[in-house]
Amino acid sequence: MRKFITTSLLGCIYLFSYSQAPAPDFTVTTNKGQEISLYADYLDKGTTVVLELFWEGCPPCNTFAPFVGDVYKDWGNGMDSVEFIAMDIMALETDENVTIFQERHGHTWPGVSAEGGSLDALAGFIDGTYGRFIKTPTMIVIAPDGTVAFDVTGFDFDIEGSAILSEAIAQSRILKVELATINGTVTNVEQVPINNVTLRFEGAALESLGSVDVTADTAGRFSLADLPINQTYTVTPSKMGAIDNGITTFDLVLMSKHILGVTPFTDTTQIIAADVNLSGSVTTFDIVQVRRVILGLTDSLNAGSWRFLPHQIELASLNDLSELSFVGIKTGDVNHSANLSLFTTAEPRSIKRTLPLIVPDKKVKAGEIVLVPFKTATANTLTGFQYTLDFDATVLDLIDFSSTTLPNFSQENGNTRHKDKGQIAMSWFTTKNTTPKDLFTLQFRAKKEGQLSELLALSNAITTIEAYTKAEEVVDLALQFQPASQQTIVNVFPNPITKTLNITVDLQQQQDLQIDLLSVEGKIIQQSTTQVAVGKQTITLPISTSLEAGMYLLKITGAEGILLLEKLIRK
């Protein structure tokens, strides 16, 4: 029959033409309860759709129905990339009316009533876009590329009309969907490829799948093929990964310099990376949040792990499509040190030199309060550092840590949550040009006897080991234990206190010693300063007779910082 129809129409002037305006999409529910979508279920799969606009009691619709059934059979009964959908145009008719009409004529294709959404679905077809709607039946043929032939049969409701309908279907099969491929790359601001980025594609052509995700390869490239060219799409990148990837205290140094106007960021990606709380600017609160990540106090940021420029690309169509390009920005990483693959933290830096952290070595005894000062070899060396200090928790119990004259140092610079496991994470920086030799002092209580050099070590367990110089050089750190022969020795007796307190010192250099007798709350009760020569000697400190019974602290400070902090008892 198809051959006969085509032959009979040769030389005829066709009553239909295909519109360039693509068909509006719709989703409806059939009288059998099946949900169908124009593009996702048919056009995107290369199927031509014939819309039959009718109502149950329409005389011409009933007259033409047998001929429409013949055309449906001729085109494979819905199995030959052609499907019919009967759309009832009467608001008062229901699925039952559609069923009655179809059973009357033996029609087996999908039927939709007003209660299934036929009126809403047809609104874009009968508004005059494709031609004037004046009657039923009206046959609309939609090619797989979305082009529309409106009212193809005119007023021919017989064998001639069926021939015209079949020829319109034949022509729709010639109008193949033009397909295109979306390609693109993801790199960082330095054009280094970022792999394992997920690119989510969404659009009407993908509605049956919800969305399609593709992953950028090791070269940062991604691609999605066979997409209808006249559809709209959005492409949204995302990347999972460790939140601390690429984040170090050096980033805090750079963020602080930007905030203070010392060295403002000139790269937009640095501002985006630094704005971890999504406030729209870089503030001290961003520094606080990033420091908490460095210290292992949190594993999340408001801005997530990665951000992208642009955050999404919208494509109106794939005509004249150029390659897409995204720039990935690791949140908190303002100096672009992050590992650009999935999940992992940054690769260890290639550090050329090591600065020592000097710690006096000593043997500790059970029950003793042990002060452990950390110093550098020279002043004005460091502008920042970070590391994890491991200590033997079976021997040492951390009481507190405090600074000497180190600027901007407080409890916020450390994480002591894991002290029971023998770990302290530390992160500190300053933008000042001068820093002292003294860094900070840790206070422990010894549970049993041990040697400090065997009880303390640096590690990357919580926070990786790094330090920074004034020249913004990244250096390594290592503990250097000072032998007892090079240390200032201080002893105090008697304890409990009597009328006088004897302080024995052995100094390596002449210096002034400040001696403070404090309450356990830190209030100064007595204070004196005395100049002491090199060598071993004893200082006698008179104790006020009005000093009440109780517990006190004795603090002795010299040129090298705190030399002694010990609890005393007055009976």
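In terms of Cα atoms, the Rg and Dmax of the stretch 53-108 work out to 11.4, 34 Å. Residues in the stretch 364-369 carry Karplus couplings, in order, of 9, 10, 4, x, 7, 7 Hz; the curve used is 6.51 cos²θ - 1.76 cosθ + 1.60 with θ = phi - 60°, and Gly or Pro positions show x.
Projected onto their three principal axes, the Cα atoms of the stretch 131-238 cover extents of 68, 23, 20 Å, largest first. Rounded to the nearest 0.05, the FRET efficiency derived from the C-beta distance between SER238 and SER81 at R0 = 25 Å is 0.10. Estimated from the Cβ-Cβ distance and a Förster radius of 41 angstrom, the FRET efficiency linking LYS32 and THR218 is about 0.25. Projecting label points 7 angstrom from Cα along Cα→Cβ for GLU521 and ASP506 puts them 3.9 nm apart.
For the stretch 78-142, the Cα gyration tensor yields ellipsoid semi-axes of 20, 16, 10 Å (square root of five times each eigenvalue, largest first, whole Å). The charge dipole of the stretch 489-570, taken about its Cα centre with unit charges on the Cβ atoms of Lys, Arg (+1), Asp and Glu (-1) only, comes to about 200 debye. Between SER410 and ARG200, the simple spin-label model (points 7 angstrom out along Cα→Cβ) gives 3.9 nm. Of MET426, MET79, the sequence from fewest to most neighbouring Cβ atoms within 10 angstrom is MET79, MET426. With Cβ to Cβ distances under 13 Å as the rule, what net charge do the other residues near VAL235 carry (K, R +1; D, E -1)? In short, -3. Against the chain, whose longest principal axis comes from its Cα atoms, helix 159-174 is set at around 30 degrees.
So what does the Cα-only Debye profile of the stretch 489-570 read at q = 0.26 Å⁻¹, as log10 I(q)/I(0), no solvent term? So the normalised log intensities work out to -1.41.
From helices alone, the chain scores -4500 deg cm²/dmol at 222 nm; the rule is -39500 (n - 2.57) for each run of n ≥ 4 DSSP H residues, then divide by the residue total. Rg and Dmax of the stretch 354-486, based on Cα coordinates, read 14.2, 44 Å.
3J(HN,Hα) along the stretch 43-56, derived from phi through the Karplus expression 6.51 cos²θ - 1.76 cosθ + 1.60 where θ = phi - 60°, amounts to 4, 5, 9, x, 9, 6, 10, 10, 8, 9, 8, 8, 8, 4 Hz, with x in place of Gly and Pro.
Dipole orientation for the chain: of the candidates ALA338, GLY558, ASN245, GLY558 has the Cα lying most toward the positive pole (charges on Cβ; Lys, Arg +1; Asp, Glu -1). The string of couplings for the stretch 325-330 from the Karplus curve (6.51, -1.76, 1.60, θ = phi - 60°) is 9, 10, 10, x, 10, 6 Hz, one whole number per residue in order, with x for Gly and Pro.
Spatial offset of the stretch 85-126 relative to the stretch 153-223 amounts to 29 Å, using the alpha carbon center of each. In this Cβ point-charge picture (+1 for Lys and Arg, -1 for Asp and Glu), the chain has a dipole of about 4080 debye about its Cα centre.
As a proxy for reagent exposure, ranking HIS107, HIS418 by other Cβ atoms within 10 Å from fewest up yields HIS418, HIS107. In this structure the amide hydrogen of THR94, modeled in the peptide plane, comes within under 5 Å of no amide hydrogen from residues 5 or more places off or on another chain. For the pair the stretch 499-565 / the stretch 404-478, the C-alpha centres are spaced 27 Å from each other. When volume of the Cα convex hull per residue in Å³ is calculated for this entry, the matching label among [x] 235; [y] 219; [z] 151 is [y]. The ellipsoid equivalent to the alpha-carbon distribution of the stretch 183-285 has semi-axes of 35, 15, 12 angstrom, derived from the gyration tensor eigenvalues as √(5λ) and listed largest first. The equivalent ellipsoid of the stretch 2-174 has semi-axes of 22, 18, 16 Å, largest first, where each one is the square root of 5 times an eigenvalue of the Cα gyration tensor.
With each label modelled as a point 7 angstrom along the Cα→C-beta vector, the THR129-GLU548 pair spans 8.9 nm. For SER211 and ASN380, the difference between the fully extended length at 0.36 nm per residue and the C-alpha to C-alpha distance is 55.2 nm.
Within the chain, DSSP assigns beta bridges of which about 85% are antiparallel (rounded to the nearest 5). Cβ crowding within 10 Å ranks LYS239, LYS365 as LYS365, LYS239, fewest other Cβ atoms first. Rounded to the nearest 0.05, the FRET efficiency derived from the C-beta distance between GLU473 and THR283 at R0 = 22 Å is 0.20.
Bear in mind these aren't lab numbers, they're just calculated from the coordinates by the rules spelled out. This one's a predicted model, so the numbers in the text were calculated from it and none came from an experiment. Cβ: placed from backbone, ideal geometry, glycine included. Neighbour counts: every protein chain shown.
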